[in-house]
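The values are calculated or read from the model by the stated rules, or taken from the named source; none is laboratory data. All figures in this text were calculated on a predicted structure; none of them were measured in a lab. Positions of Cβ are generated from backbone atoms using ideal geometry, with glycine treated the same way; all protein chains shown enter the neighbour counts.
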Amino acid sequence: MGIFTNRLVRNVTALVALAAMSWDGTVLEIRAAAAAEEIVTIGTAGVTGVYYPAGGAICRLVNRGRKEHGIRCMVESTGGSINNLEMLRKHDLEMGVIQSDLLHQAYSGTDLFTDVGADKELRVLFSLHAEPFTVIARKDSKINSFDDLKGRRVYIGAPGSGMRATMEDLMARKGWTNKSFTSVDLKSAEQAGSLCSGKIDAMVYAGGHPNGAVQQITSSCATKLIDVTGLVIDSLISEHPYYSQALIPGGMYVGNTKDIKTFGVKAVLVASTELAEDEAYQIVKAVFDNLDNFKTLHPVFATLEAKNMVQHNGVAPFHAGAIKYYKEKGLLK
């Protein structure tokens, strides 16, 4: 099913929903208003992470101007980066929030995307926040380093998520397999309870900080964040420009007073060439023209700067609509 067919289905669904709310003879006006709008959807991740509110923040700004540009933005909770990339390839989404490493792999057809091949239709709109790779263990677990995870019960992220892909990359470099420890599959809402009850000894997480899910876990029981450092991490960063060293400040979470050294990627808002140039332009404009407002919509956005949001280390090309806006504003030559 193509992107335009999918968009038509969403428009019809929205129209029906709006019509169902009408009871006073205004249905024709509602139908006309709905038909005049193009609906675009951002794929995010689970509702407890940062991607979902990030998508919501973007849509909030886009929707403020929908009477002028005719675009209605919607947010969809998904399985995360890999799921979003699959849906973008199938044209089931107009946009998705993606980890920069996975975007690079999908665009080039490498690593996890070798079998399906390169998706050369992927286009960057802008970069968002940094995403440190985070390891959380119970305080009584005797886990004090990343290597201590071996042989323990560990939640390594949901299938299809960026954190799972990063963890599997690290496992491969260390010569680990799923048999190196007991891997436990959980739903997002089960993570805090499973760690605190002893069902798992540790878990990995990738996301911007401060993070609601990490706050929930560290507030629920005695936990500690673990440094992720060493020669393997150094080689990973040196070989891949989309990785960089990262720091989680001490005092951000209950019981964790010291800075945590790790590494990470960036979250990137991605579309495909199927998204019209004017629509991409209006979406980028809605965020960048209101960047000070956008930075207040979630704590993880507080340090964002326009010049850094236009840097994505060449993981995929910019969308033509984004380029048009950035050149107008002098952010690109």
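Only one of 242, 205 is under 28 Å from residue 303 (Cβ atoms), at pLDDT below 90 and touching a His at 6+ places or on another chain (Cβ under 7 Å). Can you tell me which? Steps first, answer last, please.
Working: 205 fails: touching a His at 6+ places or on another chain (Cβ under 7 Å).
Going through 242, 205 in turn, just one is under 28 Å from residue 303 (Cβ atoms), at pLDDT below 90 and touching a His at 6+ places or on another chain (Cβ under 7 Å): 242.
Of the residues that make up region 247-259, is at least one closer than 28 Å to residue 165 by Cβ, out of contact with any Lys or Arg (no Cβ under 8 Å at 6 or more places or on another chain), hydroxyl-bearing (Ser, Thr, Tyr) and surrounded by fewer than 21 Cβ atoms within 10 Å (Cβ to Cβ)? So far as region 247-259 goes, no, none of its residues is closer than 28 Å to residue 165 by Cβ, out of contact with any Lys or Arg (no Cβ under 8 Å at 6 or more places or on another chain), hydroxyl-bearing (Ser, Thr, Tyr) and surrounded by fewer than 21 Cβ atoms within 10 Å (Cβ to Cβ).
Among residues of region 254-269 that are within 16 Å of residue 100 (Cβ to Cβ), those with a Cβ under 9 angstrom from a residue that is in a strand (DSSP E or B) and of a type in the set (D, E, K, R), sequence gap 6+ or separate chain, pair up as 264/131; 265/131; 266/131; 267/131. Within this structure, residue 300 fails the test of being surrounded by 15 or more Cβ atoms within 10 Å (Cβ to Cβ) and under 18 Å from residue 275 (Cβ atoms). Here residue 89 meets each of (1) of a type outside the set (Val, Ile, Thr); (2) in contact with an Asp or Glu (Cβ under 7 Å, 6 or more places away or on another chain); (3) surrounded by fewer than 17 Cβ atoms within 10 Å (Cβ to Cβ) with one exception, condition (3). Taking region 103-158 as the range and being exposed (fewer than 15 other Cβ atoms within 10 Å of the Cβ) and within 30 Å of residue 220 (Cα to Cα) as the test, the residues that pass are 139, 140, 142, 144, 145, 147, 150, 151. When region 279-309 is filtered for residues that are over 19 Å from residue 130 (Cβ atoms) and within 18 Å of the chain's Cα centre (by Cα), the ones remaining, listed by number, are 283, 284. The strands (runs of 3 or more DSSP E) found entirely in region 97-209 that carry 1 or more residues being of a type in the set (Asp, Glu) and either within 22 Å of residue 235 (Cβ to Cβ) or in contact (Cβ under 8 Å) with a residue 60 or more places away in the chain (or both) are 122-138. The single condition from (1) in the same structural domain as residue 63 (by TED's automatic domain parsing); (2) buried (at least 19 other Cβ atoms within 10 Å of the Cβ) that residue 308 fails is (2). When 141, 127 are checked against the criterion of being hydroxyl-bearing (Ser, Thr, Tyr) and more than 28 Å from residue 241 (Cα to Cα), a single residue qualifies: 141. Would a scan of region 250-264 turn up a residue that is in contact with a Phe, Trp or Tyr (Cβ under 7 Å, 6 or more places away or on another chain), farther than 17 Å from residue 210 by Cβ, of a type in the set (Gly, Ala, Ser) and assigned to a strand (DSSP E or B)? There is no residue in region 250-264 that is in contact with a Phe, Trp or Tyr (Cβ under 7 Å, 6 or more places away or on another chain), farther than 17 Å from residue 210 by Cβ, of a type in the set (Gly, Ala, Ser) and assigned to a strand (DSSP E or B). If you go through region 83-96 and pick out every residue that is under 24 Å from residue 285 (Cα atoms) and in a loop (DSSP other than H, G, I, E, B), you end up with 4.
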